[in-house]
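The values are calculated or read from the model by the stated rules, or taken from the named source; none is laboratory data. All figures in this text were calculated on a predicted structure; none of them were measured in a lab. Counting neighbours? That spans all protein chains shown, and the Cβs are built from the backbone with ideal geometry, glycine included. Surface accessibility is based on the protein's heavy atoms, side chains included, excluding ligands, DNA and RNA. Shrake-Rupley method; radii C 1.70, N 1.55, O 1.52, S 1.80 Å.
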Amino acid sequence: MDFRLTQEQEQFRDSVKKFADKHLAASARERAHAAGYPWDVAKLMAKQGLLGITIPEKDGGQGGTLLDAVIAIETVASVCPRSADVVQAGNFGPIRVLAEYGSADQKQHHLRKLLAGEAVISVGMTEPDAGSAVTDLKTSAKKDGDGWRVSGSKIFTTHSAYADVFLVYVRFGPGVGGIGSVLIEKKDVKLGKASKFMSGEEWAQLYLEDVRVPQANVLLGEGGFKKQIAGFNVERLGNSARSLALGRYAYEAARAWAMERKQFGRLLCEFQGLQWKFADMKMKLDAAQLLLYRAAANADRGLPSPEETAIAKAYCNQAGFDVANESLQVMGGMGYSQESLVEYCLRRCRGWMIAGGSIEILKNRIAEHIFERSFSQRPD
Ligand SMILES: Cc1cc2nc3c(=O)[nH]c(=O)nc-3n(C[C@H](O)[C@H](O)[C@H](O)COP(=O)(O)OP(=O)(O)OC[C@H]3O[C@@H](n4cnc5c(N)ncnc54)[C@H](O)[C@@H]3O)c2cc1C
């Protein structure tokens, strides 16, 4: 077993770092607090080959591995935390599900713009009454001639204000087996009142009112839920990678601060009470990184295992938040202020403990793996 990156991976990491230092470093703070989607970054990343890293070359991607994509998101985040969202959108999110399961026509129609950094795709999964219990979703797809009529509503959809297309989970029939997904264009979606998460990210409720969806826009038909979640595990790893990377960003800021800030005539790093915080943070970051790399490396060019993804995400989400929180504490008022991005990292990390499978739901999944049986969460 070798825990080091290969020479190729190191070269790739160095090239991403150079790119990020040149194009992203100067405006990192401003970008973190700006509204909207950083289209300028998306276009630059497209040129640099940072969108579609794991998507096959025949579909316009780079034909790389999931670990390459993880390295890209971590490296970008180490320079500009906000820009890591663009790596996520271009590699880990619904774009990956589209590339994995989409028809040739669907890919041709949507992928080119997504990979050029000219468009973004959102996933509409959560509903007002179906959050963790996502299989309770009610948005229905009813047969209408050679197509479908979709009605329902989605909440918390990230990027909803500027997405070109939505990957919407729908119910074709009863039960888990009746769930699948369709692609719906922006013009067919009604957006509700704009809202914001604590992280500053914008979201709006989606209303789908008897939207006509041609058969050609069905991504996964009835019985597609398992595949959908298998694809979603990639999104979860991107989410894990950002948690870890933003925790690490905060840690590096705090480490630098502790080596230059003096109180009581001594550097902060000379107080044992703070040294132990740093030791704890370092152990959490290293452990999280190993779990994340295990899940990504074992998946290689395929989809990651549900267990390894659940373990990596639950651990990275908790570690990222804990480390960002302790880093903020170490930096005192400066950490709590917008003079640094530490408070931003903390707010972002908090959200990933809920988004894309909360820590509790992931632990349920891990327990099922431990005991080799399923535990229904529903009343008898
Ligand atoms: C930053 C952010 C971005 C998001 N982006 C998107 C997006 O792009 N698209 C999308 O569709 N959705 C998105 N979501 C929604 C997200 O997927 C849901 O918030 C999540 O699935 C939890 O659902 P809920 O908020 O309804 O909480 P609930 O399901 O109501 O859960 C509330 C609490 O109860 C716990 N809980 C629930 N059931 C159990 C159980 N069986 N055992 C133990 N604990 C349990 C949960 O862990 C949570 O702590 C986003 C959310 C956030 C915070």
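What's the carbon and sulfur percent of the chain's accessible surface, probe 1.4 angstrom, rounded to a whole number? Here it works out to 52 percent. To the nearest Å, what is the center-to-center distance of the range 140-161 and the range 56-124, using C-alpha atoms only? Here the answer is 23 Å between Cα centres. When the Cα centres of the range 14-38 and the range 261-316 are compared, how far apart do they sit, in Å? When both Cα centres are located, 23 Å separates them.
Only protein heavy atoms count here; under a 1.4 Å probe, Asp129 has an accessible surface of about 110 Å².
For the residue pairs Lys43/Lys190; Lys196/Lys313; Lys186/Lys313; Lys138/Lys227, alpha carbon separations beyond 21 Å are given by Lys43/Lys190; Lys196/Lys313; Lys186/Lys313.
In terms of accessible area, using a 1.4 Å probe and ignoring ligands and nucleic acids, Cys269, Cys316 rank largest first as Cys269, Cys316. Computed over the chain, the convex hull of the alpha-carbon atoms projects to a mean area of 20.1 nm². Look at the alpha carbon pairs under 8 Å that are at least 6 residues apart: their mean separation over the length of the chain gives a relative contact order of 15 percent. The residues of the chain present an accessible area of 47 Å² per residue when probed at 1.4 Å with all protein chains retained. Of the residues Val218, Asn239, Met198, the one whose Cα sits farthest towards the positive end of the charge dipole of the range 195-255 is Asn239 (charges of +1 on Lys and Arg Cβ, -1 on Asp and Glu Cβ, taken about the Cα centre).
Packing-based ranking of 110-117, 208-215, 84-91 yields 84-91, 110-117, 208-215, ordered from highest to lowest mean Cβ neighbour count within 10 Å. Sorting 345-352, 29-36, 301-308 by their mean Cβ neighbour count within 10 Å, with the most densely packed peptide first, gives 345-352, 301-308, 29-36. Solvent-accessible surface (1.4 Å probe) assigned to Tyr207 amounts to roughly 80 Å².
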